[in-house]
Each structure stands twice: as structure tokens, then as C-alpha cells.
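The values are calculated or read from the model by the stated rules, or taken from the named source; none is laboratory data. A quick note: this is a predicted structure, and the numbers were derived from the prediction, not measured. When we count neighbours, we look across all protein chains shown, and the Cβ atoms used for this are built from the backbone with ideal geometry, even at glycine.
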Amino acid sequence: MSTSRILVVDDESYIRTIVTAMLEQASLVTVAVADGNEALEAIQADPEFDLVLSDIMMSGMDGMTLLERTLAQLRLEYVDHGKKDLFEQLKATLTEGRGSVAYAQLAAKLGLTEASVKMAVHRLRQRYREVLRAEIAETLMLAAE
């Protein structure tokens, strides 16, 4: 069984130290960074973090706005490809905890097989990561100007 990997982002060193220590006591692997630039570098170097635990305030934009913009961009892409209903059904797999959305129920609602839903969720999550990284990079570039 692989150990969960968590990226901790906070500009206050004592918070990073406390959070990292707590996570490591739970046998989790952590990488701690001080700001959005370092977080982006860490994600680009290794995009397979299981969780990013970030201070809500970031240069240029807060964390909730970042997530809202990412979801809005994804929705537009799905709408442009005539898949608005698919996105609306699958977006819960991005915003709710793993296991809280039953693929069999989604498959029945969408008239797809469970395997097709799993593949669609996988593709949505991949694209979500790409759009999120792009939004972070854009935010950091604007903050540097």
C-alpha cells in the first residue's frame, strides 16, 4: 500500500512545521513550501500529490476563487463540446470526497456503463489538474508584474 503524499503550502514557517509534524505522525509523506511559486514548482516536478493543503490567501487571488475559476473553465470546455450534462453530473467527483459519489448511480443517470463513467471521471480529473496548474501559473505571473 502506498503512502499518501501531501503538499503543505503556507507562508508562515511555524504553521508549516506544525502541520507537517502532525501529518508525519500519521505516517503521511509531506513536502512543505512557503508560497505559491514554490508550490507550482513542486507540482510541476511531481504532479502526483494526493492532497494540496494550502493557506487560503495567495498572491493575487484567494484559494476559493482559484477553485471557482478552475471549475468555470472546465465547465466552458464541456459546454463547448456539447457535454454540459456530463460535466454537471461528474463535477461532484471533483468537489466531494472520494467514495462519496457512486459511479454505478452516475452511470445509471447518464445511461453509460460504470467503466465509461470511471474513464470520464479520470479524464475530468486530469484536465482539472491541468487547468488548476495553469490558473496558478497565471496568478503567479500577474502577482510578479
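Set side by side, the residues L132, L94 differ, and just one is touching a residue at least 40 places away in the same chain (Cβ under 8 Å) and closer than 20 Å to F49 by Cβ, which is L132. Of all residues in the range 19-33, those satisfying the criterion of being in contact (Cβ under 8 Å) with a residue 24 or more places away in the chain and surrounded by fewer than 15 Cβ atoms within 10 Å (Cβ to Cβ) are S27, V29. Yes or no: A107 in contact with a Ser or Thr (Cβ under 7 Å, 6 or more places away or on another chain), in the same structural domain as R127 (by TED's automatic domain parsing) and not basic (K, R)? It is true that A107 is in contact with a Ser or Thr (Cβ under 7 Å, 6 or more places away or on another chain), in the same structural domain as R127 (by TED's automatic domain parsing) and not basic (K, R). For the range 8-18, the count of residues that are within 16 Å of the chain's Cα centre (by Cα) and crowded, with 17+ Cβ neighbours inside 10 Å is nonzero.
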